[in-house]
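Encoded as structure tokens, the structure appears first; notes follow it.
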Ligand code: DAU
């Protein structure tokens, strides 16, 4: 089976590629990534000589490049996206280009070349803030940031292509991921790195916003189950039910890094900050038999350990030199 993982140099994409190569001896994986700021080839440097793996530099919003790379592919898993809410507030345009136009081009090639399956990774943020109860697959979309609006638009496109053209696309709504290789702009990697380096951590507002968390490996297993046994045209929520305020995550990280509450710096809240997300993932559990296997305590211990033992990765993220890796390994050689 030949699988195209778009955004495979990013956090979730690279975790998925590792998972696929580890789980399936006969798989062929193509990593298609444009290496924007969050694309880091160091994330996949350990498997770059695996004969089952190929890297192709390109953007999903580039129709020609996408047409070329999908030839012979059995499954597309689309992780390529602009994902950081704060950036979408400052500079929304890239979110429209990648998250909407990019998905449009992928859907077009799936249609044109009869690709057997596509999985579109989307987010619980399309449902907006859920002050009580849970969002299920049929809940109303109420995106409140340019990021979540762009993801919601792409989800609508996927639905329309499934209904109108019978394109076999499946959409997933996922909660907050964490684990190794996550770019240090998101809460867990940023706070872990700051704490390890003796710096403070910027908690937005009162820190009582609630997020639901999933360890990356559990998410990979969910995507695998959905890609293999999910129904084309349908939507699956992927969540763990583990929901806590940001301050609780912050205090956990403080404890694990041997710091104290003086490391907390309360800063101005994010504009339009969604107060709470909560996903109902019963459909995935009952129909496809998926259950999370890693508790938060286990996952966060592995994650903090990974950051502690990958100082070079952290330094190269901090000073931007991870960007040179592509040139050194793929252009100059
Ligand atoms: O819910 C799924 C979503 O989770 C994904 O679709 C997004 O791509 C991903 O970025 C993430 O969005 P969040 O905004 O929830 O993630 P982030 O790590 O940026 O923030 C988590 C919470 O922590 C949020 O309530 C904002 C807060 N926060 C974040 C940062 C970066 C802080 O208090 N301080 C910070 O410096």
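The values are calculated or read from the model by the stated rules, or taken from the named source; none is laboratory data. Every value quoted in this text rests on a predicted model; they were computed, and no experiment measured them. So basically every Cβ, Gly included, is an ideal-geometry build from the backbone, and we count neighbours across all protein chains shown.
Brief remarks follow.
- When residue 63 is tested against the conditions (1) surrounded by fewer than 17 Cβ atoms within 10 Å (Cβ to Cβ); (2) more than 18 Å from residue 30 (Cβ to Cβ); (3) touching a helix residue (DSSP H, G or I) at 6+ places or on another chain (Cβ under 8 Å), the lone failure is (2).
- In the set (1) assigned to a loop (DSSP other than H, G, I, E, B); (2) more than 15 Å from the ligand (Cβ to nearest atom); (3) touching a residue at least 60 places away in the same chain (Cβ under 8 Å), the condition left unmet by residue 185 is number (2).
- Residue that is farthest from residue 241 (Cα to Cα), among those in segment 167-182 that are away from the ligand (no atom under 13 Å from the Cβ), touching a strand residue (DSSP E or B) at 6+ places or on another chain (Cβ under 8 Å) and in a loop (DSSP other than H, G, I, E, B): 167
- Filtered by the rule that a residue be part of a loop (DSSP other than H, G, I, E, B), more than 16 Å from residue 38 (Cβ to Cβ) and either touching a strand residue (DSSP E or B) at 6+ places or on another chain (Cβ under 7 Å) or modelled with pLDDT under 95 (or both), segment 63-97 gives 70, 72, 73, 74.
Residues are listed down the side, and each one gets a yes or a no for (1) modelled with pLDDT of 95 or more; (2) closer than 22 Å to residue 99 by Cα; (3) surrounded by fewer than 16 Cβ atoms within 10 Å (Cβ to Cβ):
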position	(1), (2), (3)
147	yes, yes, no
165	yes, yes, yes
171	yes, yes, no
176	yes, yes, no
198	yes, no, yes
225	yes, no, no
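- Taking every residue in segment 192-207 that is in a loop (DSSP other than H, G, I, E, B) and pairing it with any residue that is within 12 Å of the ligand (Cβ to nearest atom), at least 6 positions away or on another chain, the pairs with Cβ-Cβ distances below 6 Å are 200/265; 205/269; 207/246; 207/247.
- Subset of segment 5-35 [surrounded by fewer than 24 Cβ atoms within 10 Å (Cβ to Cβ), touching a residue at least 40 places away in the same chain (Cβ under 8 Å), in a loop (DSSP other than H, G, I, E, B) and touching a helix residue (DSSP H, G or I) at 6+ places or on another chain (Cβ under 8 Å)]: 35
- All positions within segment 209-256 that are in a strand (DSSP E or B), closer than 25 Å to residue 17 by Cβ and within 12 Å of the ligand (Cβ to nearest atom): 212, 213, 214, 237, 238
- Here segment 260-301 is the region considered, the condition is being outside any helix (DSSP H, G or I) and away from the ligand (no atom under 16 Å from the Cβ), and the residue that is farthest from residue 200 (Cα to Cα) is 289.
- Search result, residues across segment 195-208 that are more than 9 Å from the ligand (Cβ to nearest atom) and touching a strand residue (DSSP E or B) at 6+ places or on another chain (Cβ under 6 Å): 200, 208
- Residue-level check: of (1) over 30 Å from residue 127 (Cα atoms); (2) in contact (Cβ under 8 Å) with a residue 12 or more places away in the chain; (3) in contact with a helix residue (DSSP H, G or I) (Cβ under 8 Å, 6 or more places away or on another chain), residue 306 misses just (3).
- Qualifying residue in segment 101-113 (condition: in contact (Cβ under 8 Å) with a residue 40 or more places away in the chain, buried (at least 17 other Cβ atoms within 10 Å of the Cβ), under 16 Å from residue 33 (Cα atoms) and over 19 Å from the mean Cα position of the chain (by Cα)): yes
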